[in-house]
1. Based on Cβ point charges of +1 for Lys and Arg and -1 for Asp and Glu, what charge dipole magnitude is obtained for the chain about its Cα centre, in debye rounded to the nearest 20?
2. In a Gaussian network model over the chain where Cα atoms closer than 10 Å are linked, find which of G18, G231, G116 has the largest mean-square fluctuation.
3. Once you have a ≥ b ≥ c as the square roots of the Cα gyration tensor eigenvalues for the stretch 199-241, tell me rounded if a/c is under 1.5, and otherwise prolate or oblate according to whether a/b is larger than b/c.
4. Can you give the charge dipole size of the stretch 139-243 about its Cα centre, rounded to the nearest 20 debye, using +1 on the beta carbon of Lys and Arg and -1 on the beta carbon of Asp and Glu?
5. In Å and whole numbers, how far do the C-alpha atoms of the chain stretch along each principal axis, longest first?
6. Once the dipole of the chain is set up with Lys and Arg at +1 and Asp and Glu at -1 on Cβ about the Cα centre, which of L186, P211, H80 lies farthest towards its positive end?
7. Ordering E110, E79 by accessible area with a probe of 1.4 Å, largest first, what comes out?
8. Over all directions, what mean area does the Cα convex hull of the stretch 41-151 project, stated in square nanometres?
Amino acid sequence: MVFAMARVIRKAVLLGAGRGKRLAPMTDRTPKPMLEVAGRPLIGHIVDALVANDVPDIAIVTGYLSSHIDEWCARRMREHPAIHLSTLPQAELNGTAGAILLARHSLLDESAFIFGWGDILMDDENYTRFVHSAHTEPYELLLAINATSDPWRGAAVYVDNDMRVEKIVEKPARGTSTTRWNNAGLFAATPRIFEYLARLTPSARGELELPEAIAMMIAARRDVRAVDVRGFWSDVGTPEDLESARKLFKPPHRK
């Protein structure tokens, strides 16, 4: 059994290697995480929210047009010397699990760490709630989930009354899910997750798939739990999503 304990969490990994093909031509010369909303790149809002919750050491996995993110990280550290941003080139785009494995050696000695997609927007209060849960609740994997009418665009997450995750289904067919919960793209994990990531073999897409590792953890009765996201959330997957985010997303003012 896993007991609640106060964990120190200082490190995070953000996945920012993808191109964002559905957002072309805006992403022809700019990687998706660097598209701006409310005066900052998408990944900047995530970094700022994590830093505001005392997670100052953040690695960003890069791929497509990586120099844009490298340069932004360098500028951000010059402006704020107390934070540490690094980039991890993903030479082979072999999936979300492959991206997380790049940071394995820097995380094995941590009691827990945070990871997530580098192109998702949500209200900052969600980071505060999530990081608090990551510090205090019992889990081996903790994931944020957001309510939708149908999670067909993302991953359907099935939870019990205690918010333990029972099943996760990646890209379910429209109308087939019996849950309203979607994978919101933010996680906390203990280093145990690397045991399961290391067992993965390439999927039909040729990628190492994080949901498969999560399924293995659930099958092994590991403690996989969820925290609900409230208010604004968007994966900014399409031009329409980006336009909506630019109209509706209201981040707090930060220097």
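1. With only Lys, Arg, Asp and Glu charged at Cβ, the dipole is about 280 debye.
2. Greatest mean-square fluctuation among the candidates belongs to G231.
3. Oblate, since a/c reaches 1.5 and b/c is not below a/b.
4. So the dipole magnitude of the stretch 139-243 works out to roughly 300 debye.
5. Here the spans come out as 44, 41, 35 Å, largest first.
6. Of L186, P211, H80, it is H80.
7. E79, E110
8. Taking the Cα atoms of the stretch 41-151, their convex hull projects to 8.2 nm² on average.
The values are calculated or read from the model by the stated rules, or taken from the named source; none is laboratory data. In this text, all values refer to a predicted model and were calculated from it rather than measured experimentally. Neighbour counts run over all protein chains shown; Cβ positions are idealised from the backbone, glycine included. For accessibility, only protein heavy atoms count, side chains too; no ligands or nucleic acids. Shrake-Rupley method; radii C 1.70, N 1.55, O 1.52, S 1.80 Å.
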